[in-house]
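The structure under discussion appears below in the form of structure tokens.
Any read-out appearing in this document is the output of simple, stated calculations on the displayed coordinates, not a laboratory observation. Note that the coordinates shown come from a computational prediction; the quantities given were computed from them, not determined experimentally. Cβ coordinates were reconstructed from backbone atoms using ideal geometry, including for glycine residues, and neighbour counts include every protein chain displayed.
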Amino acid sequence: MYKIDDKGFFGKYGGAYIPEILYKCVHDLQEQYLPIIESDEFKKEYHALLKDYVGRPTPLYHAKKMSEKYGCTIYLKREDLNHTGAHKINNTIGQVLLAKKMGKKRIIAETGAGQHGVATATVCALMDLECEIFMGKTDVERQHMNVERMKMLGAKVHPVTTGNMTLSDACSEAIRDWCCHPENTYYMVGSTMGPHPYPDIVAKMQSVISEEIKWQLKEKTGRDYPDYLIACIGGGSNAAGTIYHYIDNPNVKIVLAEAGGHGIDTDYTAATIHCGQEGIIHGARTLVMQDDDGQIKEAFTISAGLDYPGIGPMHADLSDKGREKVLAINDDEAIYAGYELTRMEGIIPAIESAHAVAALKKLNFKKDDIVVLTVSGRGDKDIETYLKNKGMAREYGNF
Ligand SMILES: *Cc1c(COP(=O)(O)O)cnc(C)c1O
């Protein structure tokens, strides 16, 4: 099911819709990425860094109280325990090695909540590369701590003042910068989005998540696959990593949680798979939230990391084909689920990840079902949002 053709299409989605000036550098990347990332030398360096620098393998934790509550066996894949606090670094470690092997000296990236910006600035510090991050001015103000982390790591942060001044505008600005410096600059895309080959590169870098789930589950249950995989979905990278090695296994049900915001029947939503139509965004054909004139609409959600009006093309394809069931989780449901996981298991999840936790309520499990849910990141960055909205968490919010 996970198949791209030689032009980078997953079914009818994907491809590379890029300005002429980027043609050569995108084409070079298309030609070079597979031979590089499949080489023994690359794999050795990548896995050594994941182990000793990032802290992999991340635990697969049996959440006993949550299991009892939902009437099944729930394992949490703890991507929140990675260095820098989320799954993003699995990808930036891989892409920085790729950039180095391609002889690039300067790295640029977009960021929303700042998690990808921090993960990028981190690996650039590690590898002594120049690093410039594009971030919407609104997000710069909302995510002050991550901005300071990036600066401390040596990155230059450019506040973007076009459009709504959020993630989508930061992506556009990064692409504009790339057009001005196509020769020496590597654009480090943070999710399974952008022109081919980025969706494939990012999915492969994150596939370490399901590679580990397989052997960890086998060790714990005697079986290397679960009945359900659950993850949240913004651009789609932690979801892609979670499902990568299971897409062709029909025994595994895939349930993804996108950000419903105030609800999919309102204008305040980021649920692209529910509300989007076919279009082109940041170099790829995919589902896009757009108005009747085809203008891209602003995404709205309490979670800065899911605040994107597009979706990775592989997920547009897999959801069209019915391989993925996608639920829209609203802000209040995510906040509640974040408090629930915190109180029941002592794990404060990122608000993005809390969307995945909220999906548990919407599924009917059988007693012997095995469920693996990816906790994509830790909630430290979100404490203020949790506090501001604790009224949504009813019994947990009384403190
Ligand atoms: C960025 C981010 C996401 C959303 O991105 P995907 O590419 O869809 O995984 C989810 N969770 C956390 C913690 C993030 O930082």
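Quick look at the numbers
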quantity: Ranking of 191, 319, 303 by count of other Cβ atoms within 10 Å, fewest first; calculated: 319, 303, 191
quantity: Spherically averaged projected area of segment 13-58 from its Cα convex hull (nm²); calculated: 5.1
quantity: Environment charge at residue 73 (Cβ cut-off 13 Å; Lys +1, Arg +1, Asp -1, Glu -1); calculated: +3
quantity: Test item: Cα-centred dipole of segment 319-360, Lys/Arg +1 and Asp/Glu -1 on Cβ, debye; calculated: 200
quantity: Listed residues 284, 328, 63, most fluctuating in the chain (Gaussian network, C-alpha, under 10 Å); calculated: 63
quantity: Amide H contacts under 5 Å for residue 160, placed H, 5+ residues apart; calculated: 135, 136, 137
quantity: Pairs from 137/381; 3/214; 297/381; 3/24; 101/214 whose Cα-Cα separation, in the structure shown, is over 28 Å; calculated: 101/214
quantity: Alpha carbon centroid spacing (whole Å) that separates segment 105-153 from segment 1-43; calculated: 25
quantity: Normalised alpha carbon radius of gyration of segment 125-255 [divisor 2.2 N^0.38 Å]; calculated: 1.30
quantity: Net charge, residue 153 excluded, C-beta distance under 15 Å - Lys, Arg +1, Asp, Glu -1; calculated: 0
quantity: Rounded if a/c under 1.5, otherwise prolate or oblate - segment 204-268, Cα gyration tensor axes; calculated: prolate
quantity: DSSP-assigned coil residues among GluC sites (Glu not before Pro) in segment 1-74, each with at most 12 further Cβ atoms within 10 Å; calculated: 38
quantity: Descending semi-axes in Å of segment 55-133, equivalent ellipsoid built from Cα gyration tensor; calculated: 34, 12, 9
quantity: Distance between modelled label sites at residue 5 and residue 248, nm, 7 Å Cα→Cβ extension; calculated: 2.0
quantity: Extreme residue, positive dipole direction of segment 1-135, given options 112, 72, 134 (C-beta unit charges); calculated: 72
quantity: Square roots of five times the Cα gyration tensor eigenvalues for the chain, Å; calculated: 30, 24, 21
quantity: Helix-only mean residue ellipticity at 222 nm for the chain, each DSSP H run of n ≥ 4 adding -39500 (n - 2.57), per residue, nearest 500; calculated: -11500 deg cm²/dmol
quantity: Unit charges on C-beta of K, R, D, E only; dipole of segment 62-155, Debye; calculated: 280
quantity: Stretchable slack from residue 366 to residue 23, in nm (0.36 nm times residue separation minus alpha-carbon distance); calculated: 118.4 nm
quantity: Cα centre as origin, Lys/Arg/Asp/Glu Cβ charges: the chain dipole, Debye; calculated: 1140
quantity: Cα shape, segment 230-343, gyration tensor, a/c 1.5 rule; calculated: oblate
quantity: Loop-located trypsin sites (Lys or Arg not before Pro) in segment 189-247, at most 12 other Cβ atoms within 10 Å (DSSP); calculated: 223
quantity: Segment 268-365: trypsin sites (Lys or Arg not before Pro) falling in loop per DSSP and having at most 12 other Cβ within 10 Å; calculated: 321
